[in-house]
Structure formats: C-alpha cells, structure tokens
1. Could you please rank GLU97, GLU104, placing first whichever residue has the fewest other Cβ atoms within 10 Å of its Cβ?
2. Classify segment 18-60 as rounded, prolate or oblate, taking a ≥ b ≥ c as the square roots of the eigenvalues of its Cα gyration tensor: rounded when a/c is under 1.5, otherwise prolate if a/b is larger than b/c and oblate if not.
3. Suppose a student asked you for the relative contact order of segment 10-58, using Cα pairs under 8 Å spaced at least 6 residues apart; what percent would you report?
4. Please sort 42-48, 183-189 by packing, taking for each peptide the average over its residues of neighbouring beta carbons within 10 angstrom, highest first.
Amino acid sequence: MMTRFGVHDLTVQFGGLRALDQVSFAVEPATFVGLIGPNGAGKTTFMDAVTGFTPATGTVTFEGHDLSRVPAHRRIRTGIGRTFQTLELFEDLTVRENLTAAAEKSTWWSPLVDLVRPRPSRAAAEAVEDALSRLRIEDLADVLPPDLSLGQRKFVTVARALALRPRLLLLDEPAAGLGTSEALAFAARLRELVEEGLTIIMIDHDMGMVLKVCDEIHVLDFGRLIASGDPEAIRQDPRVIQAYLGVDDDPAAAEAAEAAEAAVGPENGPVR
Ligand SMILES: Nc1ncnc2c1ncn2[C@@H]1O[C@H](COP(=O)(O)OP(=O)(O)O)[C@@H](O)[C@H]1O
Ligand SMILES: [Mg+2]
C-alpha cells in the first residue's frame, strides 16, 4: 500500500534552538494519529513545517509527491488541511458563510466574480453542506460565531477545514478547553471521520484522550521523537512517563503516573 503521508528527517531551527530535530515517521491512509509531548516539545512547529508555514529541512511526502519545496498556499490545495490553535472565525459571518469563505478556491479573478455573482460556486456550496452534515452541525449553519458555545466552535473549526475536502487533516489541540466528557465526545466524532477514510494527525496535551481514540501515537520531547507506537506501547513506555511526569524517583510523580495509568487503563476501553 502506498504510504499516504510521511516525514523524513524533518528539522526546524529557530536561531540556536532546534525546535524539531530529525523527525521521521509514516502514516497509512485512514489512520487516527496522535502527536503528543510536553509544552514546547515542537508539536505546533511540526504542523507548521508540514504545512509549509515555517521553513524546514528534510522531506514531507504526501500521496507519492514530495512537498518539501511546495509553498504553503499550494500544500492546502494538495489535500492537506489544518486548524490553528486559536479558533478565529469571521465573527460577523454565519457558520455557513465562514465555511463558504474557506471553501471557495480563490483565483486572481474571484474579486471580479464576487462583484457580479456574490454566491459560492456549486462545488463549494456542496463541500460546505457536506462538511456541516459530516460533523452533524447543520442546525448551526445560520448561527453567528458569538452565539456558539466553545464546544460548538470546535466543531465549526473542524468543519471549516473539511470544507476544503482534505484527505489529511492536521488538528492543533482541537479539544483544548473542553471538559473531559465533552472532549471525548468530540474526539469520537473525529474518529468517525477516520472510519470514513480521512487521515487525521491530532496534537493534544491530554494524553488520556489521545490514548483512547488514536490508532498510533508519536511522542515529541525537546524536538525529538522519543516514542512511537499504539496506545498500549505508549502507555508503558518509560521515556514517555518520564517526559510527562518527570523523574520517577520523585514520589509525587510516581503517584501521578499511577493515577494517569488508572485513568487510561485498558478497563476504560478505546472509544471506537
Ligand atoms: N517562531 C519561533 N521563533 C523562535 N522560537 C520558536 C518559534 N516558534 C516556536 N518556538 C520555540 O520552539 C519550541 C517548540 O515550540 P512549539 O512547537 O510551539 O511547541 P508545542 O506546540 O509542542 O508546545 C519552543 O521552545 C518555542 O519557544
Ligand atoms: Mg503548540
């Protein structure tokens, strides 16, 4: 099977700091991938490097193409979508209009088209309705962003990315700020998108949530990939426990590790 997405030796240098250090891994299609790591580990930098927002060395391949030298605005057109850590929407446009603004492929003549035909193309309109229904937020279509709850805003942000019909979606802490059960329900919905064929790489700091919903997990620490594997392998990896909870001879950390293990233990089962 052709690997749908891969990075090889991906490295980002900010002055004297290596924010990303020779990161390599591959992702098969329709996989839910978790990217975790402590604050400052390089997770957002990884996403910026993949999407071309920050200069990087190494290679990024997608569906057999080398994207390493493709500029950011064209990577989006190749089927890679993303959300940002902040949830900015056009606050004076409805949810549907926000999605439409994202879905319209902009061209040099689109300002002229807007003058004579201020309506979305049929393809864009279809992509928007499809994104709303896949996230089951059709009832929010005419709502203005200030009237959305935080949870609803999260769904809208993902729907907006889906309106560009990506085949790979990169999500930067999409569930941040949600309560545990709301975050799990949100992630379960993302899981359904993966079952339908989408590949998702999700950054999150909630290890319990990532271990529950993801097929495979990559762990960054100080820009380096320190562990990769399925939830079971990650849960037991001593480097992961140490990176998250500090040295293991600290009794408070040991207690926290135990609590973390209890919270994500196999008895809680994956959300599938
Ligand atoms: N534009 C930048 N210039 C300089 N340093 C940066 C820049 N962006 C991020 N960093 C640094 O790179 C490291 C990784 O940051 P980031 O990728 O945002 O971490 P994470 O998303 O895992 O919390 C941090 O030490 C951060 O301070
Ligand atoms: Mg970040």
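We did not get these values from a lab; they are worked out from the coordinates using the rules stated. Predicted model only: the values in this text are computed from it and were never measured. All Cβ positions, glycine included, derive from the backbone under ideal geometry; neighbour counts span all protein chains shown.
1. GLU97, GLU104
2. The shape class here is oblate.
3. That works out to 44 percent.
4. Answer by packing, highest mean first, reads 42-48, 183-189.
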